[in-house]
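Visitor: If you scroll down you'll find the structure; I have some questions about it.
The values are calculated or read from the model by the stated rules, or taken from the named source; none is laboratory data. What you see is a predicted model, and the numbers here were worked out from it, not measured in a lab. Positions of Cβ are backbone-derived with ideal geometry, glycine not excepted, and every protein chain shown enters the neighbour counts.
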Amino acid sequence: MGTLVRAESISKQVEVDISLSPRVNSVKPSKTIAMTDLATALVQAGVPVIRLAAGEPDFDTPTVVAEAGINAIREGYTRYTPNAGTLELRTAICHKLKEENGLTYTPDQILVSNGAKQSALQAVLAVCSPGDEVIIPAPFYVSYPEMARLADATPVILPTLISNNFLLDPEALKSTISEKSRVLILCSPSNPTGSVYPKKLLEEIADIVAKHPRLLVICDEIYEHIIYSPAIHTSFASLPGMWERTFTVNGFSKAFAMTGWRLGYLAGPKHFVAACGKIQSQATSGACSISQKAGVAALGLGYRGGEAVAKMVKEFEERRDFLVESFRELGGVKISEPQGAFYLFLDFSSYYGAEAEGYGIIKDSESLCKYLLDKAQVALVPGDAFGDDKCIRISYAASMSNLQAAMERIKGAIVHLKATVPA
Amino acid sequence: MASLLQGSCSSTRPAIHSLGVSSDGDTSRSISFSSQLNNLSFKSLEKRFHVQRLRMGTLVRAESISKQVEVDISLSPRVNSVKPSKTIAMTDLATALVQAGVPVIRLAAGEPDFDTPTVVAEAGINAIREGYTRYTPNAGTLELRTAICHKLKEENGLTYTPDQILVSNGAKQSALQAVLAVCSPGDEVIIPAPFYVSYPEMARLADATPVILPTLISNNFLLDPEALKSTISEKSRVLILCSPSNPTGSVYPKKLLEEIADIVAKHPRLLVICDEIYEHIIYSPAIHTSFASLPGMWERTFTVNGFSKAFAMTGWRLGYLAGPKHFVAACGKIQSQATSGACSISQKAGVAALGLGYRGGEAVAKMVKEFEERRDFLVESFRELGGVKISEPQGAFYLFLDFSSYYGAEAEGYGIIKDSESLCKYLLDKAQVALVPGDAFGDDKCIRISYAASMSNLQAAMERIKGAIVHLKATVPA
């Protein structure tokens, strides 16, 4: 009968039904956040964990951008902004999308939120009715299925293969689409795999999507600028016939090392963006005014973030190369070399079944991560959280020296396992 | 498929946008009063461009360079059931007018006109300088949550531990997540009117039913325990209290809260969200009481508070929830999939704000003193004006005045002033003062006037309002 607690207080006993809503019960917590927060707590308690779990750059926000934030505070720019974001920022976003993505939007087709996660969630809430299906290629950003559940929609997971660089197979997409399919969520460059969807593949997907009037697309482009030659970023909305049905989601966190500022945006047809804005007006209102000023400065850094961003991307690329080579040396690990973002999503399943003294049998990604956290003091995220239990996500948004140290520790712990992998 | 003309009528644009690849042809509208006032019609469905309507759901035919595609652009029932925030709409409209050069005196927004206290601003600046610009834990930094626990203990007599605190991007989010965490479809959320515009929409977002409980200006808009008793049903899941109140400024006396607590205690399913965001903006002799501090109420109360109003930090986006861990963790789970941690810079500033001293120390006391002077000025001015019923606010920075004696008056060029919306439209246009129709808060007889504006602005606004109202007086039907 629900969940009653008897709570005692000074003068009387009361019974309170503390049961939670079906909606919140159906939602899983974010495992990346859980792992990151756990690792942070360990570090604060003095345990020297090398944290490769978080999804954020290890760089400081570029100086010009930080200064814009400081000036905003100094000038008293600390009040509510319009719900959709300041006109100044929305205009700058339109300019960016035109110059860098070939997309034409007007300021009233832009909604600024407290991060791209919120942008994507509101898009799902705006268009998904109970029972609708949200097609989510796996491995996926942990929040996508939960966004569907928050909308009472059904997440439909579409597996991909590491041998195909975790890219969606158009044939598989075709056979997955049903009359209930309402949204397809693409993320390119991808978290957690770092895969970049080639334009040609996106065009094939667009051809399929075009045949289904009910199917809309959320294209999460938050890692757009963290991309390695020869890969090139293509915005799904730029493909013929796709503008009308695409929610372009992007933001500032990753490219500009602005994770703590909380700034993301949605661009799309006004009808949809207004609906998302309506939800936002009753949930969080306008985003942080200081961050919005900083965002304008970020967009003023130059084409694709100019020198400031190019520098960061170059460092990410070096680290990627180091890790890919190191894991190839280690052996027993399948690798799809990432073309963007700052994650490696590695298939460690050849080690499953190994037994580690004091830890029991390493049977899945979670137990492997637990083992590595404890034995190697390296924090990673189990691939299970992203819909692929064979893999583990390693963030390389950490200094080269930290990565080198982590690699040594991981090697030591893995080698220890190798000996016990059943034949 | 839900027809788009129901439910969404109140304020969204038509559900179908016009042909074309790029925008829906929203050509720049002239920012003249009349065209803006057409926009101000929250209730009517505006059609300003040619639309095509197909019978089967809502399909648009969109042309692009190479092919024609059909797209079903219908919205979810949930978003259709939710109304947009009218306070935001009015504020944004007034801001747009001002930016277009129209000298509107804006008394619509729910934010202090003061700057964030220097100490707090400096903490924010230092946070940026020191690279404190990364994700924080989802629930907020331990430092901030600890400071919040300390504040709640010292100022509210409430005992919480840091894992019973959830920091969000504003108290609105804190309240919404609380509703989402505990309300199942069909549950009822009891909301005394006049209410903060978002409460009923929060209920709808949770598929719960808002149950509005009217109050009387003659009773200072305070909840009547008898009315509460007869409203509670087996479906009642949440009661939302806001004290000091937006929009009325009423403060719930401890004795009344105790009566309410006695009633609540008899209903195991009934939880309470107590929105205390205006806690520090309070005028002697009123005293603030946290509902969770009452005997037996801690276990079932979500204490919502924040930084925006007391510390003039509206743009920083920082609020919090305090409550039993079970509930707070559930809210945190939602947050982890919606917005993650709040702005790291703002959280550092928040710690500094809580370090300003007891109840915000001198910095806050100064602001409150000014608010009180302005309140006194306006109350007196409206008493002089006459024809307006007033419940003198004990907190917050709003006046919620009953102007209904003017309804039925006719204003040349505006037609009959029949409700709060048309009166606000008239005052915006004729007096160039932006206010918010009481209809948005569940009481159409009234209008909300924010006095978070300089005394000189208030004096000017008063003159303009008087002029416009006097003009109406002459035409009020006998």
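Visitor: Going by the structure shown, is A:Ser30 at pLDDT below 95 and within 8 Å of chain B (Cβ to nearest Cβ)? Let's see the steps before the verdict.
Guide: Details: at pLDDT below 95: yes; within 8 Å of chain B (Cβ to nearest Cβ): yes.
So A:Ser30 fits the description; yes.
Visitor: Find the residue count for segment B:262-282, including only residues that are farther than 26 Å from B:Ser168 by Cβ and part of a helix (DSSP H, G or I).
Guide: Residues meeting the conditions: 3.
Visitor: Something else now. In segment B:325-346, which residues are more than 7 Å from chain A (Cβ to nearest Cβ), surrounded by fewer than 24 Cβ atoms within 10 Å (Cβ to Cβ) and not aliphatic (A, V, I, L, M)?
Guide: B:Lys325
Visitor: Pull up segment A:106-121, narrow it to residues that are more than 9 Å from every other protein chain (Cβ to nearest Cβ), of a type outside the set (Gly, Ala, Ser) and touching a Cys at 6+ places or on another chain (Cβ under 8 Å), then point me to the one that is farthest from A:Gly260 (Cα to Cα).
Guide: Looking only at segment A:106-121, we keep the residues that are more than 9 Å from every other protein chain (Cβ to nearest Cβ), and these are A:107, A:110-112, A:116, A:119-120.
Adding the requirement that they be of a type outside the set (Gly, Ala, Ser) leaves A:107, A:110-112.
Add one more test, that the residue is touching a Cys at 6+ places or on another chain (Cβ under 8 Å), and what stays is A:107, A:110-111.
Details: A:Pro107: 25, A:Ile110: 21, A:Leu111: 19 Å.
Per the criteria, the residue is A:Pro107.
Visitor: Right, something else. With respect to A:Lys293, determine if the residue is more than 7 Å from chain B (Cβ to nearest Cβ), without any contact (Cβ under 8 Å) to a residue 40 or more places away in the chain and of a type outside the set (Gly, Ala, Ser).
Guide: The answer is no for A:Lys293.
Visitor: Moving on to the next point. Go through segment A:65-89 residue by residue and tally those that are over 25 Å from B:Pro112 (Cα atoms) and surrounded by 22 or more Cβ atoms within 10 Å (Cβ to Cβ). It would help to see each step written out before you state the result.
Guide: Within segment A:65-89, the first condition is being over 25 Å from B:Pro112 (Cα atoms), and the residues that meet it are A:65-67.
From what's left, surrounded by 22 or more Cβ atoms within 10 Å (Cβ to Cβ): A:65-66.
Number satisfying all stated conditions: 2.
Visitor: Applying the selection to segment B:119-142, what residues are without any contact (Cβ under 8 Å) to a residue 40 or more places away in the chain and out of contact with any Asp or Glu (no Cβ under 6 Å at 6 or more places or on another chain)? Outline the logic, then answer.
Guide: The initial filter retains those residues of segment B:119-142 that are without any contact (Cβ under 8 Å) to a residue 40 or more places away in the chain, namely B:125, B:129-131, B:142.
Residues satisfying the conditions are B:Ile125, B:Arg129, B:Glu130, B:Leu142.
Visitor: Considering only segment A:287-326, how many residues are outside any helix (DSSP H, G or I) and over 22 Å from the mean Cα position of the chain (by Cα)? Outline the logic, then answer.
Guide: So the first thing to find is which residues in segment A:287-326 are outside any helix (DSSP H, G or I), and the list is A:287-288, A:300-302.
Checking which are over 22 Å from the mean Cα position of the chain (by Cα) leaves us with A:300-302.
Of the residues in that region, 3 qualify.
Visitor: For the subset of segment A:261-273 comprising residues that are in contact (Cβ under 8 Å) with a residue 40 or more places away in the chain and at the interface with chain B (Cβ under 8 Å from one of its Cβ atoms), which member is farthest from the chain's Cα centre (by Cα)?
Guide: Only one residue tops the list, namely A:Lys270.
Visitor: Right, something else. With the structure loaded, tell me whether B:Ala365 is more than 10 Å from chain A (Cβ to nearest Cβ), in a helix (DSSP H, G or I) and either buried (at least 18 other Cβ atoms within 10 Å of the Cβ) or free of Cβ contacts under 8 Å to residues at least 60 places away in the same chain (or both) or whether it fails that test. Let's see the steps before the verdict.
Guide: On the way: more than 10 Å from chain A (Cβ to nearest Cβ): yes; in a helix (DSSP H, G or I): yes; either buried (at least 18 other Cβ atoms within 10 Å of the Cβ) or free of Cβ contacts under 8 Å to residues at least 60 places away in the same chain (or both): yes.
Spelling it out, B:Ala365 is indeed more than 10 Å from chain A (Cβ to nearest Cβ), in a helix (DSSP H, G or I) and either buried (at least 18 other Cβ atoms within 10 Å of the Cβ) or free of Cβ contacts under 8 Å to residues at least 60 places away in the same chain (or both).
Visitor: Here's a follow-up. If I filter segment B:145-199 down to residues being of a type in the set (Asp, Glu) and more than 12 Å from every other protein chain (Cβ to nearest Cβ), which single residue comes out as surrounded by the fewest Cβ atoms within 10 Å (Cβ to Cβ)? Walk me through how you get there before you give the answer.
Guide: Within segment B:145-199, the first condition is being of a type in the set (Asp, Glu), and the residues that meet it are B:154-155, B:163, B:187-188.
Keeping just the survivors that are more than 12 Å from every other protein chain (Cβ to nearest Cβ) gives B:154-155, B:188.
Details: B:Glu154: 12, B:Glu155: 17, B:Glu188: 22.
Of everything passing the filter in segment B:145-199, B:Glu154 is surrounded by the fewest Cβ atoms within 10 Å (Cβ to Cβ).
Visitor: Go through segment A:122-133 and report how many residues are surrounded by 24 or more Cβ atoms within 10 Å (Cβ to Cβ) and within 7 Å of chain B (Cβ to nearest Cβ). Walk me through how you get there before you give the answer.
Guide: So the first thing to find is which residues in segment A:122-133 are surrounded by 24 or more Cβ atoms within 10 Å (Cβ to Cβ), and the list is A:122-128.
Right, trim to within 7 Å of chain B (Cβ to nearest Cβ) and you get A:125-128.
Adding up the residues that qualify gives 4.
Visitor: So B:Val251 passes all but one of these: (1) in contact with a Lys or Arg (Cβ under 8 Å, 6 or more places away or on another chain); (2) over 19 Å from B:Phe327 (Cβ atoms); (3) surrounded by 24 or more Cβ atoms within 10 Å (Cβ to Cβ); (4) of a type in the set (A, V, I, L, M). Which condition number does it fail?
Guide: (1)
Visitor: If you scan segment A:203-233, which residues turn out to be touching a Leu at 6+ places or on another chain (Cβ under 7 Å), part of a loop (DSSP other than H, G, I, E, B) and closer than 23 Å to A:Ser143 by Cα?
Guide: Hit for segment A:203-233 is A:Leu215, nothing else.
Visitor: Taking segment A:21-64 on its own, how many of its residues are in a loop (DSSP other than H, G, I, E, B) and either in contact (Cβ under 8 Å) with a residue 60 or more places away in the chain or crowded, with 22+ Cβ neighbours inside 10 Å (or both)? Lay out the reasoning, then the answer.
Guide: First pass over segment A:21-64, keeping only residues in a loop (DSSP other than H, G, I, E, B): A:21, A:27-30, A:45-49, A:52-62.
Imposing the further condition that a residue be either in contact (Cβ under 8 Å) with a residue 60 or more places away in the chain or crowded, with 22+ Cβ neighbours inside 10 Å (or both) reduces the set to A:21, A:27-28, A:30, A:47-49, A:52-62.
Qualifying residue count, segment A:21-64: 18.
Visitor: Please go through segment B:90-112 and pick out each residue that is surrounded by 22 or more Cβ atoms within 10 Å (Cβ to Cβ) and farther than 13 Å from B:Leu427 by Cα.
Guide: B:Thr91, B:Ala109, B:Gly110, B:Pro112
Visitor: Within segment B:134-144, restricting attention to residues that are over 27 Å from the mean Cα position of the chain (by Cα) and more than 7 Å from every other protein chain (Cβ to nearest Cβ), which residue is surrounded by the fewest Cβ atoms within 10 Å (Cβ to Cβ)?
Guide: Ranking the qualifying residues of segment B:134-144, first place goes to B:Glu143.
Visitor: Find the residue count for segment B:50-89, including only residues that are under 30 Å from B:Ser422 (Cα atoms), modelled with pLDDT of 90 or more and either over 32 Å from the mean Cα position of the chain (by Cα) or not hydroxyl-bearing (Ser, Thr, Tyr) (or both). Let's see the steps before the verdict.
Guide: First pass over segment B:50-89, keeping only residues under 30 Å from B:Ser422 (Cα atoms): B:50-51, B:75, B:77-89.
Now restrict to residues that are modelled with pLDDT of 90 or more: B:75, B:77-82.
Now drop any that are not either over 32 Å from the mean Cα position of the chain (by Cα) or not hydroxyl-bearing (Ser, Thr, Tyr) (or both), which leaves B:75, B:77-80, B:82.
Adding up the residues that qualify gives 6.
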